[in-house]
Amino acid sequence: MCRKGLISTRGWVIALALVLASGFAVAQDKPAEGPAKSDEGGSKSDSKGGAGKEENGPPKDTDGYDRPTTYPRIRFGGKKKEGDAEAAPRNKSRVFLLDTSDLMAGSITIDDTRETTRMEHMREVLGRTLDHLSTRRNLDFNIITFGAVKDFAKGGDLLQASAENAKQAKEWISKLEPGGSPDLHAILIECFRQEPDSAALIVGSMPGTPATLDKQALDRLLEKHKTVGEIIVQQLKDFRTAGKKTTLDIVGIGLTRTEREYYRRLAEAGGGAYIDG
């Protein structure tokens, strides 16, 4: 029987099945000591946000936000560019959204014996996923981080799944280091705006203060939804209601029970599933 917080043989059987079905691997983590996390659903905030942001829905096309972020310059996938032949076949697009915030430096315990960090375990999880991704030939992908904003494609088009691109992606994630605030709002808004076929969020923290909302807009939304996390849940529901087809799957890294429950609801709002081993 699988004990809570430990990686089990049964858990990896389930994970492997998910790899074959949708292209990402999963591990379960024991909640452990580390940097303090936000409250359930994301914290309230009195931080100053960027000016000129929209209160609801996707942000305007700009060169970034007040931290700044550069998501409008990053390709998440989505529809064909203007001028592409309508009849031309298009690979499926999948983006991996990685939490590289400072909270990922926190420690977790694997199999009740091995100490590691959330960041290192995330690298292991995605590394196994990339091994399986290398066998796909009808998939384009990108890896995009939040905390410190980076993307594997370096602002270019998504890359086709291949052994060579998987190898380079593993080298790229090996150099990632934790830092910055977990602005989940900004990356998910831009992801759904660009509309890849699917996204896989690998996360070890709760949502931080959105850079895509100014203080006045954020305060109005907090009056209604109480937390940043609940704002994000509602906006994903709104995207799906408006016809966005992107599905969001979520893998939790070292989350508490309360945090796992939140991300299960978020995955459901995004039309996907939450996996915790």
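The values are calculated or read from the model by the stated rules, or taken from the named source; none is laboratory data. Everything numeric in this text was worked out from a predicted model, so none of it was measured. Counting neighbours? That spans all protein chains shown, and the Cβs are built from the backbone with ideal geometry, glycine included.
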State which residue pairs qualify: first residue touching a residue at least 60 places away in the same chain (Cβ under 8 Å) and closer than 29 Å to Met119 by Cβ and inside segment 200-226, second residue of a type in the set (Asp, Glu) and in a helix (DSSP H, G or I) in any location, beta carbons under 8 Å apart, and separation of 6 or more residues or different chains.
Met206/Glu259
Members of segment 109-130 that are at pLDDT below 90 and not hydroxyl-bearing (Ser, Thr, Tyr):
Ile110, Asp111, Asp112, Arg114
Mind telling me which of the residues Ala186, Ala211 ends up being at pLDDT below 95, among the small types (Gly, Ala, Ser), closer than 26 Å to Glu120 by Cα and buried (at least 19 other Cβ atoms within 10 Å of the Cβ)?
Ala186
Only one of (1) surrounded by fewer than 23 Cβ atoms within 10 Å (Cβ to Cβ); (2) modelled with pLDDT of 95 or more; (3) closer than 14 Å to Thr247 by Cα does not apply to Arg193, and that is (2)
Would you be able to say whether some residue in segment 124-143 is under 14 Å from Tyr71 (Cβ atoms), touching a strand residue (DSSP E or B) at 6+ places or on another chain (Cβ under 8 Å) and not hydroxyl-bearing (Ser, Thr, Tyr)?
yes
Counting only residues that are of a type in the set (Asp, Glu) and either in a helix (DSSP H, G or I) or at pLDDT 95 or above (or both), how many does segment 152-166 have?
1
In segment 247-265, which residues are without any contact (Cβ under 8 Å) to a residue 60 or more places away in the chain and either of a type outside the set (D, E, K, R) or touching a strand residue (DSSP E or B) at 6+ places or on another chain (Cβ under 8 Å) (or both)?
Thr247, Ile250, Arg260, Arg264
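Table: residues versus (1) within 30 Å of Met206 (Cβ to Cβ); (2) in contact with a helix residue (DSSP H, G or I) (Cβ under 8 Å, 6 or more places away or on another chain).
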{"residue": "Glu115", "(1), (2)": "yes, no"}
{"residue": "Ile144", "(1), (2)": "yes, yes"}
{"residue": "Val149", "(1), (2)": "yes, yes"}
{"residue": "Ala163", "(1), (2)": "no, no"}
{"residue": "Pro178", "(1), (2)": "yes, yes"}
Filtering segment 246-256 down to residues that are more than 19 Å from Leu126 (Cβ to Cβ) and at pLDDT 95 or above yields Thr246
If we keep only residues of segment 117-141 that are among the hydroxyl-bearing types (Ser, Thr, Tyr) and in a loop (DSSP other than H, G, I, E, B), then the residue surrounded by the fewest Cβ atoms within 10 Å (Cβ to Cβ) is Thr135
Within segment 167-254, considering only helices (runs of 4 or more DSSP H) that don't extend past its boundaries, which have at least 2 residues that are more than 21 Å from Lys150 (Cα to Cα), small (Gly, Ala, Ser) and over 16 Å from the mean Cα position of the chain (by Cα)?
none
Here is a list of conditions, (1) at pLDDT 95 or above; (2) in contact with a Leu (Cβ under 9 Å, 6 or more places away or on another chain), and Ala242 meets all of them except one; can you say which number that is?
(2)
Conditions: (1) under 14 Å from the mean Cα position of the chain (by Cα); (2) crowded, with 17+ Cβ neighbours inside 10 Å. Asp102 meets all but one. Number of the miss?
(1)
